[in-house]
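Asks: Could you have a look at this structure, given as structure tokens, before my questions?
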């Protein structure tokens, strides 16, 4: 009986872990700042479309707790947060004014 309970617990824990691995991560909305439109970060675009792993950003560039990070354009332009990848080499640059509308929606 003990073996059955242990086996059942192992199965439940495995299923829980697998379901968390495939859980859809929600989009994150950042408020408009200095007249620019709000920014909605899409986990789907970054992880599914661009094939990025969560560990590429978390926890080095961003905390995993929603609302824990305060984003500033000056920081991004210095290569922090989004600017670590959006530098004109890996992805479009946060300094490219023609691309502002890619992130900021009015």
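Values in this text are rule-based calculations from the coordinates and carry no lab data. Quick caveat: nothing in here was measured; it's all calculated off a predicted structure. Backbone-built Cβ (ideal geometry, glycine too); neighbour counts: all protein chains shown.
Asks: For the range 24-105, count the residues as N, evaluate 2.2 N^0.38 Å, and divide the Cα radius of gyration by that value, please.
Replies: My calculation over the Cα atoms of the range 24-105 gives 1.04.
Asks: What does the extension gain come out to for residue 47 and residue 95, with contour length at 0.36 nm per residue minus their alpha carbon separation?
Replies: Full extension from residue 47 to residue 95 adds 15.0 nm.
Asks: Return the distance in nm (one decimal) between the two label points of a simple spin-label model at residue 2 and residue 27, each offset 7 Å from Cα along Cα→Cβ.
Replies: Those two pseudo-labels are separated by 5.3 nm.
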